[in-house]
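The values are calculated or read from the model by the stated rules, or taken from the named source; none is laboratory data. Note that this is a predicted model, so its numbers are computed, not measured. As a convention, Cβ positions derive from the backbone with ideal geometry for all residues, glycine included, and neighbour counts pool all protein chains shown. Ligands, DNA and RNA are stripped out before the accessible areas are found, and what is left, the full protein with its side chains, is counted by its heavy atoms. Shrake-Rupley method; radii C 1.70, N 1.55, O 1.52, S 1.80 Å.
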Amino acid sequence: MKRITAPDITAMKRGKMKIAVLTAYNFHIAKILDLAGIPVILVGDSAGMVEAGMDTTLQVTVDEVIYHTRSVVRAVRRSLVVADMPFGSYQVSVVEAKKNAVRLVKEGGAQAVKVEGGKKTCEAVKAVVDLDIPVMGHIGLTPQSVHKFGGYKVQGKGRAEAKDIIRDARLLEKAGAFAIVLECIPAALAREVTKAVSVPTIGIGAGPYCDGQVLVINDMLGLNAPADGSEQRPAMPRFVKKYADLYPVMTKAVCEFKEEVESGKFPSKEHCY
Ligand code: KIV
């Protein structure tokens, strides 16, 4: 079985093949994605929110991404594994960016890394690409900039902002990015960006004209518990499609176990030595 590489992903655009990308943070989910033929698995810093219950991705550390990446890499035989560079790991200096990208590859086993930001991140992108580490860009709604944006809001609605996003995509391509995530931008703008660059665009909340689509695995599997102190499950962004709703299934299983332990029904004879 041939391992998928970053150049293979770039070539999928030339071959007019749509690219399915999902996030994964642990061995078992990564195994499902790999066996299902998902070409790119992203170990996103979204782990901080969907796995660790953080409010934003900003507290996620390089060590934490390395831990998740190692778990994913152990499961994967075929998919390309891309590790997210967390907040603070590439913005402070190009030297830091290079050191942290090397750690994600050397200690995590990632085949590529992802960074957020356009023009201001290009120097770091080029430096990491020059180390022969493939880099995926990420523009539009970049969650690490949530405080600057004042929330998780659609980006690129005005023409000036839209022009900046197109410019950023071109700069990332020039810096050597092998693919670019477009998050939460109008579909028409995503189409313009997709036409403007030769590398694939991977949309999340960016409509159907991107070269590929990415979703956070917990969102698409319905693995989202109510937030602290609430009975209500959190509202999903409009762009999420739930392909399954596992939270109630898991809750039912756990409640059944509790009842059976309390009533003495479990363990029965078949579970005893
Ligand atoms: O961290 C993440 O999961 C991401 C995707 C949403 C693109 O950046």
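Report in % the part of the accessible area of region 51-102 that belongs to carbon and sulfur, leaving out ligands and nucleic acids; probe 1.4 Å.
52 percent
Loop only per DSSP, at most 13 neighbouring Cβ atoms within 10 Å: give me the trypsin sites (Lys or Arg not before Pro) in region 70-102, ordered by residue number.
Those that pass, being in a loop and sparsely packed, are 77.
Could you state the accessible area per residue of the chain in Å², with a 1.4 Å probe and every protein chain left in place?
Accessible surface, normalised per residue, equals 52 Å².
Taking the chain as a Gaussian network, where each spring joins two C-alpha atoms under 10 Å apart, which residue of 85, 136, 250 fluctuates the most?
Judging by the Gaussian network model, the answer is 250.
With +1 on each Lys and Arg Cβ and -1 on each Asp and Glu Cβ, how big is the dipole of region 178-273 about its Cα centre, in debye rounded to the nearest 20?
That gives a dipole near 320 debye.
Fully extended, how many nm does the chain gain between residue 16 and residue 95 (0.36 nm per residue separation, minus their Cα-Cα distance)? Each step should come with its number before you reach the end.
Working: separation 79, 0.36 × 79 = 28.44 nm, distance 3.65 nm.
My answer for the length gained is 24.8 nm.
Given springs between every Cα pair under 10 Å in a Gaussian network model of the chain, which of 135, 193, 254 has the largest fluctuation?
Among 135, 193, 254, the largest mean-square fluctuation in the Gaussian network model of the chain belongs to 254.
Measure nothing but the geometry: give the 0 to 90° angle between the long axis through the Cα atoms of 246-263 and the longest principal axis through the Cα atoms of the chain, rounded to 10°.
Rounded to the nearest ten degrees, it is 20.
When the helix-only estimate is applied to the chain (DSSP H runs of n ≥ 4, each -39,500 (n - 2.57), divided by the residue count), what is the mean residue ellipticity at 222 nm, nearest 500 deg cm²/dmol?
Helix-only estimate at 222 nm: -12000 deg cm²/dmol.
Compare 122, 255, 210 in a GNM of the chain, Cα atoms joined below 10 Å, and give the one with the largest fluctuation.
Between 122, 255, 210, it is 255 that shows the largest mean-square fluctuation.
Loop-only trypsin sites (Lys or Arg not before Pro) in region 139-248, please: DSSP not H, G, I, E or B, and at most 12 other Cβ atoms within 10 Å.
Values: sites: 148, 153, 157, 159, 163, 167, 170, 174, 191, 195, 238, 241, 242; in loops: 153, 157, 238, 241, 242.
Qualifying residues, ordered by number: 153, 157, 238, 241.
Give me the dipole magnitude in Debye, nearest 20, for the chain about the Cα centre, with unit charges on the beta carbon: positive for Lys and Arg, negative for Asp and Glu.
1200 debye
Counting other C-beta atoms within 10 Å, and keeping those with at most 14, which DSSP coil chymotrypsin sites (Phe, Trp or Tyr not before Pro) do you find in region 142-248?
Details: sites: 149, 152, 178, 209, 239, 243; in loops: 152, 178, 209, 239, 243.
Hits after loop and neighbour filter: 152, 243.
Pairs of alpha-carbon atoms within less than 8 angstrom and 6+ residues apart define the contacts here; what relative contact order does the chain have, in percent?
Computed value for the chain: 16 percent relative contact order.
For region 69-80, just list the computed ³J(HN,Hα) in residue order, Karplus coefficients 6.51, -1.76 and 1.60, θ = phi - 60°, integers in Hz, with x standing in for Gly and Pro.
5, 4, 5, 5, 4, 4, 8, 9, 10, 10, 5, 7
Going toward the positive end of the dipole of region 125-273, with +1 on Lys and Arg Cβ and -1 on Asp and Glu Cβ, which of 244, 162, 254 do you reach last?
162
Return a whole-number percent for the relative contact order of region 1-118, with Cα pairs under 8 Å and 6 or more residues apart as the contact set.
Computed value for region 1-118: 27 percent relative contact order.
If you plug each phi of region 234-241 into the Karplus form 6.51 cos²θ - 1.76 cosθ + 1.60 with θ = phi - 60°, what whole-Hz ³J(HN,Hα) values come out, in order, with x for Gly and Pro?
x, 5, 8, x, 4, 6, 7, 10
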